[in-house]
Amino acid sequence: MKEKEISIKIRECSPEELTPDRQALIKAAKEATRNSLAPYSNFHVGAAIEMADGEIFTGANQENAAFMAGTCAERSACFYAGANRPGAPFKRIAIAAWHDPEEKCGDDYEAGFQADPISPCGLCRQALLEYEHLHGPIEVLLYGRDKTYVIDSVSDLMPLSFTEF
């Protein structure tokens, strides 16, 4: 039996350490959380995709009582970008999550963002991976109030992925 080890490189930084274009993309993802429809989980996720030419598309999670009818922010953003710019490569995606279950934040919206970054679910990873497979690496920015993770590509998040299609 052979044993293999899988590892990925994740860079952890403060938002201030990011380049201005990365900061702007995270800001767009954070703003997208306001467009979330999350009456069941009260967990508002926003995603922003920067295209290779700099155009930004955003998405937010949309919950539904028929749970499978809803969609995650990441797929919302990538399908919106793909439908509006067919064949155009994605450069990077930023993801942010806001949650204030007891409404302790009041007017301080920033305080409701998750302290630690969240990562996309498996469905979103696969959807993004297919765009990456077509056009090349998509950098991933996972925003947290206390730190941001920078990951070189979606495939790093899903190392044993299905790519034969």
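The values are calculated or read from the model by the stated rules, or taken from the named source; none is laboratory data. If you're wondering where the values come from, they're calculated on a predicted model, not measured in any experiment. Positions of Cβ are generated from backbone atoms using ideal geometry, with glycine treated the same way; all protein chains shown enter the neighbour counts.
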Inset, instruction - Look at ASN42 and say whether it is over 11 Å from ALA32 (Cβ atoms), polar (S, T, N, Q), in contact with a His (Cβ under 9 Å, 6 or more places away or on another chain) and surrounded by fewer than 20 Cβ atoms within 10 Å (Cβ to Cβ). - result: yes
Legend entry - region 1-16, subset outside any loop (DSSP other than H, G, I, E, B) and modelled with pLDDT under 95, residue nearest to PRO117 (Cα to Cα): PRO15
Inset, instruction - Just name the residue that is modelled with the highest pLDDT out of those in region 119-165 that are among the hydroxyl-bearing types (Ser, Thr, Tyr), buried (at least 16 other Cβ atoms within 10 Å of the Cβ) and over 18 Å from ALA48 (Cβ atoms). - result: SER155
Inset, instruction - Select, from ALA111, ALA69, ALA83, the only residue that is free of Cβ contacts under 8 Å to residues at least 40 places away in the same chain, among the hydrophobic types (A, V, I, L, M, F, W, C) and closer than 27 Å to GLU17 by Cβ. - result: ALA111
Inset, instruction - Would you mind finding the one in ALA69, ALA73 that is surrounded by fewer than 23 Cβ atoms within 10 Å (Cβ to Cβ) and out of contact with any Asp or Glu (no Cβ under 7 Å at 6 or more places or on another chain)? - result: ALA69
